[in-house]
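I have placed the structure first, in the form of structure tokens, so that the comments after it can refer back to it.
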Amino acid sequence: MLKTLFPTLSRFRFAVQVLMLFVTVYGSIVVGHYAADKITGALPALSCAYDQMNGGYCVLVPTQHQVHHRIGQAMVQAQQVTFQMVLPLLLTFLTFFAFFFVIGKAFCGWVCPLGTLQEWIGKIGRRFGIGLRRFEKGDLGEVKRVRPVKWLLLLGLVFLLPLLTGLGVTPHALGNPFCDICPSRVATTLLTGNTEELALRIGDDWKFGLGAVANTLIGFMLVGGLALRLPFCRICPLLAFNSVFQRLSPLRLAKPTRDNCGSCRICTEACPMDIPEISTHSGRKAYNEDCTLCGRCAEYCPQDGVIKLKWGPFALFSSSREYYKAKVKGELPDGTVKPLKFVKNAAKPAAGAADA
Amino acid sequence: MKTLILALALATSGLAAPVFAQHDHGAASVTGAASAPLGRPAGRPPARDWTKLPLLLGKGERGERARATIAVRGLTAASVTVHAADGPAERRKVDYPVGAAGASIESVAPQVGNYHWIVAREESADTVRVASTAWYFGNPGDSPKDLLAVPKHELEIVPAPLPREHRSYREAEKWRFLVRLDGKPLAGQQVVMETEFGSRSTAVTDAAGHATLVFPRDFKPVAQEGDEGSEARRRARFVLSTEKEAGGKHYLTAFNHAYSQDPERNRSLGWGAAFGILGMVAATPLLRRRQPNEGASGHA
């Protein structure tokens, strides 16, 4: 039964993403209206607090808030840096980690609503034959050049600016700057039929500017996502945040050293984040900071047992030649799908024959 | 951490302080402070000018998560009763004496409990008059579902639901309220809404006792920068009331709180769409198909 419903890892992940999109965007229908009812206030995915119908809140929301209001303001009040002062932040991180421990960075590849939407945009691009663009030499440049951006956004927009705002150095409008530029805020609220977050705040130049960045990003994502896979994920500070803890979750990508690996690069072709290390390295380096644990590299590895998704000692999915051969019949590693063909049903008898 | 949702608070900062009480931006001037000592903005009429109904008007200091002052208007009560959504059982219902400045109330426990329901009651031989409101202390705590479900006096107006943390009642929004008598839904009961800006509307409860009210779009145009009352005018007070004769007594119950400006008044969908289109245009070059000699990777 399960094998019929979910013949591939991709199909299973698609079903999980649909379910998680409902939970993260419309989850209040199930869990309840009040913040206290939510699954958590520290989810390792971009489940936006601006969305009034969501089922949980992204961890970056309380992080900015606590850095701004607890730490920054307490320092202003000349209090000592006490355990009590940072306790809320620690509790947020502990709650985050309680969730993160279970499926680690799969929150990015399986749960995040913005990741799901970007993937679906990419599928539309592949379906309509829009040429795929990559971060690699000869196209958009090496992916390594993009990677620092997410760390800069994490440090600057999630920690530094909220802290400076709490200290009174920067304007109050810069208290939660990442949320203000986050495309998930606009996308998830639009999915609930609310245009409030798409509209820009007038009369506050900082808010207007940050909102303009968010809208530009989501516009870029909507069109650019047709050609470039997961454009925002590449600079997402939550991916950086999750990367800090990626070795602490039992769920991981495993690629032990094998003699027969390293030349075909099909896994990198399949990787929506264009991670070259998955083909050129093994061991810890193969599980890169950009990995979202989507599992496509393991699905498209043509060698038995070379790439695995493991939870602790247990291999949840392992690459195999047979699986690869079946998989590429329907979809190529870069996501290109076979064109839809409309053909007459051969089993249907001709009208004349039926009359006879 | 459920109490710490910065995002929405900042998006609507300055709107409806009561529901932002969890946010350190401050609970000052909450539930619509009616009199100058409790933070009435300059230029506003005193409470008695816009309603004769009983009101509970609160004020909390900026960042204060433990205490607040509740003033009682239009009703004579020696104490107010504070019901909490969680915390120690013996602290779930506490009476606080009403002094000259009002009643000084506290959260159910230090750094515990967000939603609190406040009631003041005046009873004579043939009349019972009740004022009620909700207060958000901003501490981690349970949702108010159970708190609201428990009857607290005879005739009640119960928000169904309350705005969640960092939200508020807002202009042009529909909100539902349950009217109960002795804990049972009251059908066909008229509920009257009055706002600080003089709007008045009525609704009648359905078979389940629910009345749905639309908050009027009655805020005045935004004041100019530097206007003393400009910030305060982003929110205003309202009061719901209902009356019923039962058991030889006349019951009057009021629920007051604050509502905010429609945030779209200060937002531009046109500018939002313009920058969205800008992003789309910026991404268009990506759609250009690569030429074969541009370095397609290919694979084995």
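The values are calculated or read from the model by the stated rules, or taken from the named source; none is laboratory data. If you're wondering where the values come from, they're calculated on a predicted model, not measured in any experiment. Cβ sites come from the backbone with ideal geometry, for glycine too, and all protein chains shown count toward neighbours. Note: accessible area is taken over every heavy atom of the protein model, side chains too, but ligands, DNA and RNA are not part of it. Shrake-Rupley method; radii C 1.70, N 1.55, O 1.52, S 1.80 Å.
Just one residue in the set B:ILE118, B:ILE70 is open to solvent by less than 20 Å² (accessible area, probe 1.4 Å) and over 18 Å from B:PRO161 (Cβ atoms); that residue is B:ILE70. Scanning segment A:186-210 for residues that are in contact with a helix residue (DSSP H, G or I) (Cβ under 6 Å, 6 or more places away or on another chain), open to solvent by less than 50 Å² (accessible area, probe 1.4 Å) and over 15 Å from B:PHE275 (Cα atoms) gives A:THR188, A:ASP204.
Can you confirm whether segment A:98-115 contains a residue that is assigned to a helix (DSSP H, G or I) and within 13 Å of another protein chain (Cβ to nearest Cβ)? There is at least one residue in segment A:98-115 that is assigned to a helix (DSSP H, G or I) and within 13 Å of another protein chain (Cβ to nearest Cβ).
Could you please let me know if A:TYR57 is farther than 28 Å from A:SER318 by Cβ, within 13 Å of another protein chain (Cβ to nearest Cβ) and not polar (S, T, N, Q)? It is true that A:TYR57 is farther than 28 Å from A:SER318 by Cβ, within 13 Å of another protein chain (Cβ to nearest Cβ) and not polar (S, T, N, Q). Quick check on this structure: which one of A:ALA36, A:ALA15, A:ALA49 is over 30 Å from A:GLY335 (Cα atoms), of a type outside the set (D, E, K, R) and in a helix (DSSP H, G or I)? Every option except A:ALA36 fails the conditions.
Could you tell me whether A:VAL25 is touching an Asp or Glu at 6+ places or on another chain (Cβ under 9 Å) and on the phi < 0 side of the Ramachandran plot? So A:VAL25 fits the description; yes.
If the condition is being within 19 Å of B:LEU287 (Cα to Cα) and charged (D, E, K, R), then segment A:213-269 contributes A:ARG229, A:ARG234, A:GLU269. Residues of segment A:94-109 that are under 15 Å from the mean Cα position of the chain (by Cα) and open to solvent by 30 Å² or more (accessible area, probe 1.4 Å): A:ILE103 alone. Being buried (at least 20 other Cβ atoms within 10 Å of the Cβ) and not in a helix (DSSP H, G or I) is the filter here; which residues of segment A:131-163 pass it? Within segment A:131-163, A:LEU132, A:ARG133, A:ARG134, A:PHE135 meet the criteria.
Scanning segment B:248-269 for residues that are crowded, with 23+ Cβ neighbours inside 10 Å, touching a residue at least 40 places away in the same chain (Cβ under 8 Å) and within 14 Å of another protein chain (Cβ to nearest Cβ) yields B:SER260, B:GLN261. Residues of segment A:164-199 being more than 10 Å from chain B (Cβ to nearest Cβ), free of Cβ contacts under 8 Å to residues at least 60 places away in the same chain and in a loop (DSSP other than H, G, I, E, B), which ones? Matches in segment A:164-199: A:VAL169, A:THR170, A:PRO171, A:GLY193. Is it the case that segment B:30-49 has a residue that's of a type in the set (Gly, Ala, Ser) and modelled with pLDDT of 75 or more? No, that holds for no residue. Of everything in segment A:116-129 that is more than 12 Å from the chain's Cα centre (by Cα) and buried (at least 19 other Cβ atoms within 10 Å of the Cβ), the residue that is nearest to the other protein chains (Cβ to nearest Cβ) is A:GLY125. Within segment A:202-243, the set of residues being within 7 Å of chain B (Cβ to nearest Cβ), farther than 13 Å from A:ASP180 by Cα and at pLDDT 95 or above comprises A:GLY219, A:PHE220, A:LEU222, A:VAL223, A:GLY224, A:LEU226, A:ALA227, A:LEU228.
Within segment B:162-196, restricting attention to residues that are open to solvent by 10 Å² or more (accessible area, probe 1.4 Å) and touching a Phe, Trp or Tyr at 6+ places or on another chain (Cβ under 7 Å), the residue that is farthest from A:HIS33 (Cα to Cα) is B:GLU196. Which residue is nearest to A:GLY131 (Cα to Cα), if the candidates are limited to segment A:200-251 and must be in a helix (DSSP H, G or I) and aromatic (Phe, Trp, Tyr)? Among those that are in a helix (DSSP H, G or I) and aromatic (Phe, Trp, Tyr), it is A:PHE220. Out of B:ALA77, B:ALA109, B:ALA85, one residue alone is open to solvent by less than 30 Å² (accessible area, probe 1.4 Å), in contact (Cβ under 8 Å) with a residue 40 or more places away in the chain and farther than 23 Å from B:SER241 by Cβ. It is B:ALA85.
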